[in-house]
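Worksheet: one structure, shown below.
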Amino acid sequence: MRRVGVTFLAALAAIGTIGTLANPVPADDAVDVAATTTSSHAKDANPTPFVIPSLQDWKGSKGTWQLTKRTRIVIDPKYAKGNARDSQYTFMVNPSTLSDFAQTFQADLKEVTGYNLEISVSSKPSKGDIYLTLGADKTDKSLNNEGYLLDIGKKGVQIQAVTSRGAFWGTRTLLQLVILADTEGYALPQGKARDYPNYNERKFMQDIARKPFPKSDLREYATVTSFFKYNTLHHHYNDNPGMRTKNLTPNWQTFYSGFRLKSDNPEFGKYANTDMAYTKQDMREFQDFIKRHGQDLIPEIDSPAHSLCFTKFHPEWSIQNDTARGDWLDLGNPEVWTFVEKLWGEFVGWFDSTEISIGADEYDETKGNLARKFVNHFHDYFRDNFNRTIRMWGSDVKLPGTIEINKDIHTDHWDWTYSNPVDLVKRGHKVSNLNAPDVYVVPRSQSYWDYLDSKKLYEMWEPWVFDILNKGNKSRNLDPNEPLLTGGGFANWNDFLGESVTRVEVFDRVSKAAGAVAEKLWSGAQNIDRVPYDDWAPKAKKLLENIPGLTLQRRPKSKGQFVIS
């Protein structure tokens, strides 16, 4: 994680700069004023425009620029196919290019405005065009590889970034400005923005094992999170309802379980759900879609717990005593290790990500060392056979042992009962913050949030905060500048099999949480100009209701207040 500190921003203020763009669009009468920590304005200059996440830096000019039907999206030919840095800052192989992102931007603008803008490849944009280019200063660590420079001038707009994904985030900002434009004709405020994420990982994790989601729904979750600059999706492909020990649930093999990957190989195809499962082609199409929206996919097949989808076919692979859960694979059985290797060998090639989640939480506490040996084994297995890294759900506390978990395994912290993020960092582990219950959406749950408390998150939560009610306790929270803190996000778990909520109701919960969490994942508390929540919420609602490409909101388009009178 690379982030720019207040000291560095103060230095920017002292020299009065917000970034210089090599702009082929002719310069206009931008106001030359000194920058404050996050924004600067001369008299009558445009104030910092509202977007989510908030802009890190803004230097306002006077006047507006107007998007019209004649506006073109112009791609710098030097970078139309991206650059070498595009593949260095993503988990995905073959990431999308500037040209790919331009097509996504074109489609979004058409849905929002009705304008079908021409895409052109040229180093000489005309007056009124939107110019996409790379070549921003790669030594500028504050741009953090996904940052961008946005220049809205009288004669045109330029978005310049270090990477193609960074330029795409600039188009999300521009798209939001168009949605929120108060004046007719999509007039946008002139000025220069310097915007960048403080955290490398901004993630939405979803349990799609215990509730079936059509492929179209998954694309809409990607669309809404991408709109708010999330760069990572994490799909949990197998699970079952919470299990008690076998002696309390003698019918454990009859419980519902989910495994959502459908192989043509009958050896593994039998595990796939009949109510909803995804083929290799389905996953290929989905990954191509999210790449064009600036996102990575972390695939997770969870073991050795949460594995009823396997043990119901092979009860002999479950731990053979009545005080064990039926969904626990028996790591004392060599056949189990061979099976998990073969399972991943079947499915790992479906995914472009160089990082894989093996789950590995909520297992038998009496087998801590064996479980630690298991995760270390699969670290080596993925490294040696597929040149990939792995991550796991935090389990170091609940799986005690003398074997040290490999420091190269990325940890998703989720519960203090199961892992200690401060201790993990001290031992050299990378940590991502998905601490429950703060960022856990569990529909109809009494233990976690049904709807996230967006106001509380907006005002109190940060990715470095693991104890939201005790933020000053260094033994419970990390330093904001901790390099091993990779970021965080929020999660949707469907512990109750999703039977109590519809697909639309789940989407309502997730989409309403996305904006507030995104705000903190991008800039955190360092953005001192962030508006109060009561001013933020109405505009966030307007943005959410107008994200292009969504149908799950079930909001029919209407010219006025009434749909039917």
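The values are calculated or read from the model by the stated rules, or taken from the named source; none is laboratory data. All figures in this text were calculated on a predicted structure; none of them were measured in a lab. Every residue, glycine as well, gets a Cβ built from its backbone with ideal geometry; the counts of neighbours run over all protein chains shown. These accessible areas exclude ligands, DNA and RNA; they are computed on the full protein's heavy atoms, side chains included. Shrake-Rupley method; radii C 1.70, N 1.55, O 1.52, S 1.80 Å.
Only a single criterion out of (1) farther than 24 Å from Trp393 by Cβ; (2) crowded, with 20+ Cβ neighbours inside 10 Å; (3) at pLDDT 95 or above; (4) of a type outside the set (A, V, I, L, M) is not satisfied by Trp493, namely (1). Which of the residues that make up the range 178-204 are under 15 Å from Phe228 (Cβ atoms) and surrounded by fewer than 24 Cβ atoms within 10 Å (Cβ to Cβ)? Across the range 178-204, the qualifying residues are Ile179, Leu180.
Checking each residue in the range 445-466 for being without any contact (Cβ under 8 Å) to a residue 60 or more places away in the chain and surrounded by fewer than 16 Cβ atoms within 10 Å (Cβ to Cβ) picks out Gln446, Ser447, Asp450, Lys456, Met460. Checked against (1) farther than 24 Å from Trp522 by Cα; (2) among the acidic types (Asp, Glu); (3) part of a loop (DSSP other than H, G, I, E, B), Asp137 meets all criteria but (1). Tallying residues that are part of a loop (DSSP other than H, G, I, E, B), within 28 Å of Pro538 (Cα to Cα) and open to solvent by less than 50 Å² (accessible area, probe 1.4 Å) within the range 468-490 yields 1. In the range 497-520, the residue that is most open to solvent (accessible area, probe 1.4 Å) out of those that are part of a helix (DSSP H, G or I) and touching a Pro at 6+ places or on another chain (Cβ under 9 Å) is Arg503.
Residues in the range 72-96 that are within 25 Å of Leu550 (Cβ to Cβ) and out of contact with any strand residue (DSSP E or B) (no Cβ under 6 Å at 6 or more places or on another chain) were compared, and the one that is least open to solvent (accessible area, probe 1.4 Å) is Ser96.
So that you can scan it fast, the table gives a plain yes or no per residue for (1) at positive phi; (2) modelled with pLDDT of 95 or more:
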residue: Lys141; (1), (2): no, no
residue: Asn145; (1), (2): yes, no
residue: Leu175; (1), (2): no, yes
residue: Ala187; (1), (2): no, yes
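Residue check: is Ser558 modelled with pLDDT of 95 or more and hydroxyl-bearing (Ser, Thr, Tyr)? So Ser558 does not fit the description; no. For Gly128, the conditions (1) under 17 Å from Ala102 (Cα atoms); (2) free of Cβ contacts under 8 Å to residues at least 40 places away in the same chain; (3) open to solvent by 10 Å² or more (accessible area, probe 1.4 Å) all hold with the exception of (2). Within the range 422-429, not a single residue is touching a helix residue (DSSP H, G or I) at 6+ places or on another chain (Cβ under 7 Å) and on the phi < 0 side of the Ramachandran plot.
Condition check for His235 on (1) at pLDDT 95 or above; (2) within 27 Å of Ile179 (Cα to Cα): one failure, at (2). Taken together, Phe347, Phe339 contain a single residue that is under 20 Å from Gln206 (Cα atoms) and either surrounded by 16 or more Cβ atoms within 10 Å (Cβ to Cβ) or of a type outside the set (A, V, I, L, M) (or both), which is Phe347.
Do we find a residue being in contact with a Ser or Thr (Cβ under 8 Å, 6 or more places away or on another chain) and either more than 20 Å from Ile52 (Cα to Cα) or in contact (Cβ under 8 Å) with a residue 40 or more places away in the chain (or both) anywhere in the range 136-145? Yes: one or more hits. Kindly establish whether Ser226 is open to solvent by 10 Å² or more (accessible area, probe 1.4 Å) and within 30 Å of Val504 (Cα to Cα). Considered against the rule, which asks whether it is open to solvent by 10 Å² or more (accessible area, probe 1.4 Å) and within 30 Å of Val504 (Cα to Cα), Ser226 comes out as no. Among the residues of the range 308-321, the ones that are open to solvent by 10 Å² or more (accessible area, probe 1.4 Å), outside any helix (DSSP H, G or I) and under 25 Å from Leu497 (Cα atoms) come to 3 in all.
Within the range 523-542, restricting attention to residues that are at pLDDT 95 or above and either β-branched (Val, Ile, Thr) or in contact with a helix residue (DSSP H, G or I) (Cβ under 6 Å, 6 or more places away or on another chain) (or both), the residue that is least open to solvent (accessible area, probe 1.4 Å) is Ala540. Here Lys520, Lys512, Lys455, Lys474 are screened, and the one residue that is farther than 26 Å from Thr223 by Cα and modelled with pLDDT of 95 or more is Lys474.
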